Amino acid sequence: MNSFWNELKKPIMVLAPMADVTDPAYRKLIAQTGRPDVTWTEFVSADGLYATRERKLMKDEENPLVRDFLYTEGERPIVAQIFGSNPETIAYASKLAAELGFDGVDINMGCPDKTIEKQGAGAGMMKHPEDASAIIRAAKESGLPVSVKTRIGYSKNEMDTWLPILLKEDLAALTVHLRTRKEMSSVPAHWELAPRIVELRNEHAPDTLVLGNGDVKDLIDARTKASESGLDGIMLGRAIFGNPWLFTGRDITEVTQEEKLGALLALARNFDEMRPKKSFHILKKHFKAFVAGWPGAAELRGTLMETNSLDELVAVLGK
Ligand SMILES: Cc1cc2nc3c(=O)[nH]c(=O)nc-3n(C[C@H](O)[C@H](O)[C@H](O)COP(=O)(O)O)c2cc1C
């Protein structure tokens, strides 16, 4: 299938989906500061979107799930990530993503959250690999290029049995977080396994792009890992904390205090505008990440942690 995926220059550097982190507010800032080659939204429940379908295109707070799918044109190409284990709701959510103008749809088959797993979704899909094909086919009904994000296995490395099931569905792209579900994020990602992903792709689906994910620090690290493994691209997640400059390749130690505080304020303003129903406290993980690296940062961080609104934040920053 011809899609934006075929036009990207390799190695492809993409932004990971991270719930309550790469939300519309932070993605907007990242797009303005230094856009990745592809942006992912946070994951959204396909069942939830389906259950609220009466309100699907009403604006803002009418449907908070649709609101998680807000994006700005500067973020393109942008992929909507969904999770679910029911082909009907996956088909619905994927078609909604197409209607909302997304460039692609990604299915989460790696999330370790217990409530999601119980629905047979996220990492739970690895326990029911027979369901994965139907889910991917349902997403394809949208006409969008379909990708999957998963892990190397549930309790152990199951790549040789699990990945071919996905690859046989002729995905546009497959991202593999190089850990098992059981390992969560507590051991270093198994980058030594990355070349095997490339072999499996070559054998089962030569047209599918393969991306690796886990512990990548910056663009230099990402390029090294791509060239050592032969992967088509790398997905970076936590490295974006406090560093919307990540995809520019700029050394974060050279970013000034003023720039960091300016970026934090821009993020808080985006949040206030785009996430009116979400708790201001969600922003606090960003305070920790942005306010670091200069004398007195810890003290300012402490004061910022006490704030409860944009106005209070602005007052502390004196802007
Ligand atoms: C706060 C947080 C939220 C996350 N939310 C999602 C999500 O919505 N969908 C998903 O596929 N993975 C999610 N992940 C996993 C990341 O996309 C990524 O696979 C993981 O953090 C490892 O990559 P990294 O070491 O580059 O961060 C999340 C991770 C974190 C830390």
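How large, in percent, is the carbon and sulfur part of the accessible surface of segment 256-317 at a probe radius of 1.4 Å?
Numbers: 1590 of 3110 Å².
Carbon with sulfur: 51 percent of the solvent-accessible area.
So, with +1 on the Cβ of K and R and -1 on the Cβ of D and E, and no other charges, what is the size of the charge dipole of segment 1-117 about its Cα centre, to the nearest 20 debye? It would help to have the intermediate numbers written out before the result.
Details: 13 positive and 19 negative charges, 62 e Å.
That gives segment 1-117 a dipole magnitude of about 300 debye.
I want to verify a result. In a Gaussian network model of the chain, Cα cutoff 10 Å, which of these has the top mean-square fluctuation: TRP245, TRP162, TRP294? Evaluated over the chain, the most mobile residue of the options is TRP294. GNM on the chain, alpha-carbon springs under 10 angstrom: the most fluctuating residue among ALA97, ALA139, ALA289 is ALA289. Highest GNM mean-square fluctuation among ARG27, ARG223, ARG301, for the chain modelled with Cα contacts below 10 Å: ARG301. Amide H to amide H, with H built 1.01 Å from N, ARG151 comes under 5 Å of HIS177, counting only residues 5 or more places away or on other chains. For segment 4-248, the share of accessible area belonging to carbon and sulfur comes to 50 percent (1.4 Å probe, ligands and nucleic acids excluded). 3J(HN,Hα) along segment 300-306: 4, 4, x, 5, 5, 5, 7 Hz, from the Karplus curve 6.51 cos²θ - 1.76 cosθ + 1.60 with θ = phi - 60°, whole Hz, x for Gly and Pro. Our analysis of the chain gives Rg over Rh at 0.97, with the two radii drawn from alpha carbon positions and Rh computed by the Kirkwood formula.
Residues in segment 184-290 average 46 Å² of solvent-accessible surface per residue, probe 1.4 Å, ligands and nucleic acids excluded.
Sparsely packed loop sites in segment 230-319 (the GluC sites (Glu not before Pro) outside DSSP H, G, I, E and B with at most 14 other Cβ atoms within 10 Å) comprise GLU306.
The distance from the alpha carbon centre of segment 189-232 to that of segment 261-319 is 36 Å, rounded to a whole number. Along segment 223-240 the Karplus relation, 6.51 cos²θ - 1.76 cosθ + 1.60 evaluated at θ = phi - 60°, assigns HN-Hα couplings of 5, 4, 5, 5, 6, 5, 9, x, 5, 7, x, 10, 9, 10, x, 4, 4, 7 Hz to successive residues, with x for each Gly and Pro. For the chain, the longest principal axis of the C-alpha atoms and the axis of helix 194-204 are separated by about 40°.
The values are calculated or read from the model by the stated rules, or taken from the named source; none is laboratory data. This one's a predicted model, so the numbers in the text were calculated from it and none came from an experiment. In this analysis, Cβ positions are derived from the backbone assuming ideal geometry, glycine residues included, and neighbour counts consider all displayed protein chains. All accessible areas refer to the heavy atoms of the entire protein, side chains included, with ligands and DNA or RNA removed. Shrake-Rupley method; radii C 1.70, N 1.55, O 1.52, S 1.80 Å.
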